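Novice: Provided herewith is a single structure, encoded as structure tokens, for subsequent inquiry.
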Amino acid sequence: MIDQVTLKKLTDFSTQIRVQTIRQIGVRGFGHIGGSMSIVELLSVLYGMEMRYDPQNPSWDNRDWLICSKGHAGPAVYAALALKGFFPMDWMDTLNQPNTHLPSHCDRKKTPGIDMTTGSLGQGLSIACGIALGHSMDKKDNMTYCIIGDGESQEGQIWEAVLFAAQKRLDNLILFVDDNKAQLDDYTSNIENMQSYVEKFKSFNWDAAAVDGHDMSQIQCAIARAKGIKGVPSAIILNTVKGKGCTFAERQWNHHINVTAEEMDEAIRALQNQ
Ligand SMILES: Cc1ncc(C[n+]2csc(CCOP(=O)(O)OP(=O)(O)O)c2C)c(N)n1
């Protein structure tokens with residue numbers, strides 16, 4: 001349960017993550033705004049209260065790990081990391097430029113705080129399983145969090161990893177499915193309808209629950225509940241809106257969009273005047 005003071009802080013943090021994400025993509029002129037916006041509340045809860053990390057020592061042994069398997073949502077993760085002090089805010093103006101520390105997709109060798117390189121969809125959960133298994137073999141209490149997209153969940157490798165995590169009883173692993181209902185070129189339901197994720201995960205011997213992915217209290221309760229369940233991995237399905245909270249992105253759900261300076265200013269103004 002989040003108290004009112006913390007909720008207000010997390011709400012401000014999520015607004016700042018949105019503003020800085022729009023800024024990065026707006027300065028570059030194009031990017032993956034929709035799939036970045038849909039995970040903002042999740043990132044706010046993770047970096048605002050759930051995760052153990054040290055911005056001065058990003059590879060700290062006792063940290064919790066986040067694998068953003070939908071690596072194209074990097075700008076939202078970068079915004080959260082910059083706001084928490086992992087690197088200077090002026091890096092926000094360098095997204096996807098030559099010699100940048102902030103490539104369009106997450107790269108652990110380029111960005112402090114990015115735990116794994118991602119972008120080729122379908123691979124992150126397998127990596128997260130390996131990390132979680134390593135921690136449990138070492139009898140360490142680090143948590144591993146992984147975020148996949150609903151389109152990404154159509155990849156076969158995801159379901160191999162789901163089987164593996166259940167077999168190895170990885171209760172130090174929490175998977176978030178960003179169910180924003182759209183993938184690259186259509187609604188997910190028109191391509192391969194995933195139907196009920198909760199039933200699917202339960203049938204693979206996972207714990208599973210679905211929440212409103214823009215309600216931070218619901219997200220936090222689901223994480224707390226998942227952490228208390230022993231012997232099985234947990235999946236939390238986030239019902240989200242692609243482009244959430246960004247004026248121009250909510251008008252269209254296109255996966256990768258061009259952003260004008262006027263659109264960027266309009267979207268940032270709207271967030272700041274909420
Ligand atoms: C293996 C692989 N195939 C194709 C792509 C190209 N691609 C990038 S994002 C994307 C759509 C992903 O949809 P979803 O997982 O729903 O993400 P979101 O809606 O959050 O953007 C695709 C097909 C890729 N990055 N990796």
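The values are calculated or read from the model by the stated rules, or taken from the named source; none is laboratory data. Keep in mind the model is a prediction, meaning the values are calculated, not measured. FYI the Cβ positions are ideal-geometry reconstructions off the backbone, even for glycines, and counts take in every protein chain you see.
Novice: Looking at this structure, is Ala224 in a helix (DSSP H, G or I), more than 13 Å from the ligand (Cβ to nearest atom) and within 18 Å of the chain's Cα centre (by Cα)?
Specialist: Criteria met by Ala224.
Novice: Restricting to region 117-144, name every residue that is part of a loop (DSSP other than H, G, I, E, B) and away from the ligand (no atom under 16 Å from the Cβ).
Specialist: Asp138, Lys139, Lys140, Asp141, Asn142, Met143
Novice: If you don't mind, another one. Return yes when Gly231 is surrounded by 23 or more Cβ atoms within 10 Å (Cβ to Cβ), at pLDDT 95 or above and assigned to a loop (DSSP other than H, G, I, E, B) and no when it is not.
Specialist: Spelling it out, it is not the case that Gly231 is surrounded by 23 or more Cβ atoms within 10 Å (Cβ to Cβ), at pLDDT 95 or above and assigned to a loop (DSSP other than H, G, I, E, B).
Novice: Looking only at residues that are surrounded by fewer than 17 Cβ atoms within 10 Å (Cβ to Cβ) and not charged (D, E, K, R) in region 46-57, which one is nearest to the ligand (Cβ to nearest atom)?
Specialist: Met49
Novice: Restricting attention to region 58-107, which residues are more than 16 Å from the ligand (Cβ to nearest atom) and of a type in the set (Val, Ile, Thr)?
Specialist: Those that are more than 16 Å from the ligand (Cβ to nearest atom) and of a type in the set (Val, Ile, Thr): Thr94, Thr100.
Novice: Still on this structure, I have one more. Which residue, of Gly35, Gly26, is assigned to a helix (DSSP H, G or I), away from the ligand (no atom under 16 Å from the Cβ) and of a type in the set (Gly, Ala, Ser)? Full working, then the answer.
Specialist: Working: Gly35 fails: away from the ligand (no atom under 16 Å from the Cβ).
The match here is Gly26.
Novice: Need the failing condition index for Ser189 against (1) surrounded by fewer than 14 Cβ atoms within 10 Å (Cβ to Cβ); (2) assigned to a loop (DSSP other than H, G, I, E, B), just the number.
Specialist: (2)
Novice: Is it the case that some residue within region 60-74 is among the hydroxyl-bearing types (Ser, Thr, Tyr), in contact with a helix residue (DSSP H, G or I) (Cβ under 8 Å, 6 or more places away or on another chain) and under 21 Å from Leu125 (Cβ atoms)? Reasoning before the result, please.
Specialist: First, the residues of region 60-74 that are among the hydroxyl-bearing types (Ser, Thr, Tyr): 69.
Checking which are in contact with a helix residue (DSSP H, G or I) (Cβ under 8 Å, 6 or more places away or on another chain) leaves us with 69.
Pick out the ones that are also under 21 Å from Leu125 (Cβ atoms) and you get 69.
Yes.
Novice: So Gln157 fits all but one of (1) polar (S, T, N, Q); (2) free of Cβ contacts under 8 Å to residues at least 40 places away in the same chain; (3) away from the ligand (no atom under 16 Å from the Cβ); what number is the exception?
Specialist: Gln157 satisfies all of (1) polar (S, T, N, Q); (2) free of Cβ contacts under 8 Å to residues at least 40 places away in the same chain; (3) away from the ligand (no atom under 16 Å from the Cβ) except (3).
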